[in-house]
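Comments concern the structure below.
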Amino acid sequence: MIAAKRLGAEQIVLLGRHADRIALAREFGATEIVSERGDEAVERVRELTGGHGAHSVLECVGLQQAVVTALAIARPGGAVGRVGIPQDDATPAGVPFWKNVSVGGGPAPARAYIEDLLPDVLEGRIEPGRVFDRTGSLDDVPDGYRAMNERKAIKVLIEL
C-alpha cells in the first residue's frame, strides 16, 4: 500500500478479510477492499476496474490460490509481482502467456531503494514500522510465526 501510494497509484485494491490488516491498509492508502476469494474476487476486481483488471498486482506470500487469483485479476498486458518467499515454486504458465502478463519477483533488493526511501522514513512521511503489532524476544520467534499464521498478528518485531 505504501509503495503504490508513494508511486502515485490512484486506485489501490486490497484483497483481504482480516480487520486489523484492512484498517492498516486503508490508513496506508487502500481505496477499495475486496473480501471475496477465487472467481468472486476476480469478478469484483473487474467491476472496480471498469471490466479491465488491474494494471499491476502484488501477490504477497500467498498460497497457490493467491497466485492464480493474482494472474486472473491482472489485465491483458499487465504485471504480477511476487513478493516474499513463495509457498510453492510453481506458477501457472498458461494464463500469463495468453494474457501477455509479465510475472516477476525475487528477494527484495532493499539496498536498491534505500537512498530514496530512508529519508521518507526518517522524516516521518512513511511509517512502514506500523505493520509490527507484536513484540517479542528471540525465544518468542516460534510463537510469533504461529501468531502471524493464525492472523493474530500482522508482523512480529523481535528485539534482541
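Here are the numbers for this structure:
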item: Sole residue being in a strand (DSSP E or B), touching a Pro at 6+ places or on another chain (Cβ under 8 Å) and either within 26 Å of residue 154 (Cα to Cα) or not basic (Lys, Arg) (or both), chosen from 68, 121, 80; result: 80
item: Boolean, residue 133 is open to solvent by less than 80 Å² (accessible area, probe 1.4 Å), among the charged types (D, E, K, R) and either touching a helix residue (DSSP H, G or I) at 6+ places or on another chain (Cβ under 9 Å) or under 18 Å from residue 29 (Cβ atoms) (or both); result: yes
item: Yes/no for residue 90 being under 25 Å from residue 43 (Cα atoms), in a helix (DSSP H, G or I) and either at pLDDT below 90 or open to solvent by less than 60 Å² (accessible area, probe 1.4 Å) (or both); result: no
item: Counted residues, the range 48-65 - those being touching a helix residue (DSSP H, G or I) at 6+ places or on another chain (Cβ under 9 Å) and assigned to a strand (DSSP E or B); result: 6
item: Matching residues, the range 49-67, being of a type in the set (Val, Ile, Thr), over 20 Å from residue 151 (Cβ atoms) and crowded, with 18+ Cβ neighbours inside 10 Å; result: 57
item: Among the residues listed as 3, 25, the single one being closer than 21 Å to residue 117 by Cβ, among the aliphatic types (A, V, I, L, M), in a helix (DSSP H, G or I) and open to solvent by less than 40 Å² (accessible area, probe 1.4 Å); result: 25
item: From the options 43, 59, residue that is acidic (Asp, Glu), within 14 Å of the chain's Cα centre (by Cα) and over 20 Å from residue 130 (Cβ atoms); result: 59
item: Any chance residue 124 is exposed (fewer than 11 other Cβ atoms within 10 Å of the Cβ) and more than 22 Å from residue 1 (Cβ to Cβ); result: no
item: Condition broken by residue 157, with the remaining ones in (1) over 24 Å from residue 29 (Cα atoms); (2) in contact (Cβ under 8 Å) with a residue 24 or more places away in the chain satisfied; result: (1)
item: Any hit, the range 94-114, residues being surrounded by 13 or more Cβ atoms within 10 Å (Cβ to Cβ) and free of Cβ contacts under 8 Å to residues at least 12 places away in the same chain; result: no
item: From the options 10, 32, residue that is exposed (fewer than 15 other Cβ atoms within 10 Å of the Cβ) and without any contact (Cβ under 8 Å) to a residue 24 or more places away in the chain; result: 10
item: Of the criteria (1) part of a helix (DSSP H, G or I); (2) within 18 Å of residue 83 (Cα to Cα); (3) at pLDDT 90 or above, which one residue 141 fails; result: (2)
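The values are calculated or read from the model by the stated rules, or taken from the named source; none is laboratory data. Note that the structure is predicted; figures quoted are calculated from it, not measured. Cβ: placed from backbone, ideal geometry, glycine included. Neighbour counts: every protein chain shown. In case anyone asks, the SASA skips ligands and DNA or RNA and just uses the protein heavy atoms, side chains included. Shrake-Rupley method; radii C 1.70, N 1.55, O 1.52, S 1.80 Å.
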